[in-house]
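Enquirer: Quick one: the structure is below, and I'll ask about it shortly.
The values are calculated or read from the model by the stated rules, or taken from the named source; none is laboratory data. Owing to the predicted nature of the structure, the values given are computational and were not obtained by experimental measurement. These area figures cover heavy atoms from the full protein model, side chains too; ligands, DNA and RNA do not enter into them. Shrake-Rupley method; radii C 1.70, N 1.55, O 1.52, S 1.80 Å.
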Amino acid sequence: VIVNDPVGRLIGIFTERDLMLRVLRCGKPLTIAVGTVMTASPETIGHGRSIARALHTIGVRGFRHLPVVSRGGRVVAVLSVKDLLRLI
């Protein structure tokens with residue numbers, strides 16, 4: 001789940017990994033606010049960058065999802081490992 005500020009800029013991402021490690025594993029209630037357990041200020045990639053760069057970023061950093069942002073900082077897509085593996 002992409003989390004934006006009121007003007008639409010990315011401030012966080014809430015992933016399955018966040019759910020498992022920051023909510024369920026810690027015994028927090030499912031009513032907890034996403035903003036308190038999301039990955040804040042996630043790493044992103046610009047929409048003009050190469051697939052090779054996205055693969056490198058995901059591989060080196062161990063991500064399963066990578067938000068793609070426009071020049072204005074708005075999320076235009078989210079790449080997953082599965083998406084990238086289909087391309088190679």
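Enquirer: Mind pulling the angle between the C-alpha long axis of helix 51-61 and the longest principal axis of the chain? Nearest 10 degrees, somewhere in 0 to 90.
Expert: Helix 51-61 sits at roughly 40 degrees to that axis.
Enquirer: 222 nm [θ] for the chain, helices only, -39500 (n - 2.57) per DSSP H run of 4+, per residue, to 500?
Expert: Details: 3 runs with 22 residues, N = 88.
Result for the chain, helices only: -6500 deg cm²/dmol.
Enquirer: Accessible area, 1.4 Å probe, largest first: how do H47, H65 sort? Working shown, then result.
Expert: Numbers: H47 110, H65 80 Å².
So the residues, ranked largest to smallest area, are H47, H65.
Enquirer: With every protein chain present, what is the per residue accessible area of the chain (1.4 Å probe, Å²)? Kindly include the intermediate steps, with their values, before the conclusion.
Expert: Values: 5930 Å² over 88 residues.
With the other protein chains kept in place, the chain gives 67 Å² per residue.
Enquirer: Ignoring ligands and nucleic acids, what accessible area does K28 show with a 1.4 Å probe (Å², nearest 10)?
Expert: We get 80 Å² for K28.
Enquirer: Another question about this same structure. Within the chain, what whole-number % of the accessible surface is contributed by carbon and sulfur, with the 1.4 Å probe and all protein chains included in the calculation?
Expert: On the way: 3410 of 5930 Å².
Of all accessible area on the chain, carbon and sulfur atoms account for 57 percent.
Enquirer: Show R64, R25 ordered by accessible area, largest first, where the area counts protein heavy atoms only and the probe is 1.4 Å. Write down the numbers at each step before the final one.
Expert: Working: R64 100, R25 180 Å².
These residues rank, largest area first, as R25, R64.
Enquirer: On to the next question. Counting only protein chains, not ligands or nucleic acids, how are M38, M20 ordered by accessible area (probe 1.4 Å), most first? Mind showing how you got there, number by number?
Expert: Values: M38 25, M20 95 Å².
Largest to smallest exposure gives the sequence M20, M38.
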